[in-house]
Amino acid sequence: MTLRADHVAGAFFIGFGLLVIALSGDLPTGNLSMPGSGFLPKIVAVLTIFFGAVLAVRARESKVFATLSWVDAQHAAMVVAITAAGIAVFEWLGFLTTNVLLIFALLVVIERRRLLPATGYSIGVVVVTYVLFVYALKTPLGTGPLGF
């Protein structure tokens with residue numbers, strides 16, 4: 001059997017889904033009329049496992065893994081590093097500040113967009129998201145040292 005790109009991707013998604021199930025095992029599932037906090041993670045994990053398996057089964061349509069080009073590895077590593085930095089400072093800076101800085105850094109550093117449009121887009125996306133979560137969904141979001 002030839003190892004193909006979708007074999008690796010499918011195995012990753014299956015493993016990730018199993019990890020989510022293992023980590024969310026202590027959360028109550030509840031029932032359909034009153035779902036618990038573990039309901040959504042388990043549904044998403046099961047779907048991730050299912051689609052990872054479908055991807056692995058249909059792998060013959062993808063490129064051979066050994067022939068893949070890794071020219072985008074640096075780009076992907078920068079995205080992971082910026083996202084990890086955002087995760088690390090989330091509790092300290094809060095939702096608004098962290099996400100504005102995260103989107104701004106992704107746009108300016110990685111995508112090389114101009115400063116003014118990147119600033120406007122970053123602020124706009126985060127404000128819309130904040131309004132939807134806090135006012136429409138009544139979900140509290142993390143606040144930073146300045147209270148937002």
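General observations
- Ordered from highest to lowest accessible area with the whole protein assembly present and a 1.4 Å probe, Glu61, Glu91, Glu111 read as Glu91, Glu61, Glu111.
- Three-way shape label, the chain, alpha-carbon gyration tensor, a/c 1.5: oblate
- Cβ charges +1 (Lys, Arg) and -1 (Asp, Glu), total dipole of region 61-135, debye: 220
- Computed on the Cα atoms alone, the convex hull of region 8-69 gives a volume of 85 cubic angstrom per residue.
- Heavy-atom accessible area order for Tyr135, Tyr130, largest first, 1.4 Å probe: Tyr135, Tyr130
- Efficiency of FRET from Cβ geometry, Arg112 and Ala73, R₀ 25 Å, rounded to 0.05: 0.90
- Using the Cβ of Ser62 as centre and a radius below 14 Å, the other residues enclosed give a net charge of +2, where K and R count +1 and D and E count -1.
- Summed over the residues of region 60-116 and divided among them, the accessible surface reaches 75 Å² per residue at a probe radius of 1.4 Å.
The values are calculated or read from the model by the stated rules, or taken from the named source; none is laboratory data. Every value quoted in this text rests on a predicted model; they were computed, and no experiment measured them. Counting neighbours? That spans all protein chains shown, and the Cβs are built from the backbone with ideal geometry, glycine included. Just the protein is used for accessible areas: all its heavy atoms, side chains included, with ligands, DNA and RNA removed. Shrake-Rupley method; radii C 1.70, N 1.55, O 1.52, S 1.80 Å.
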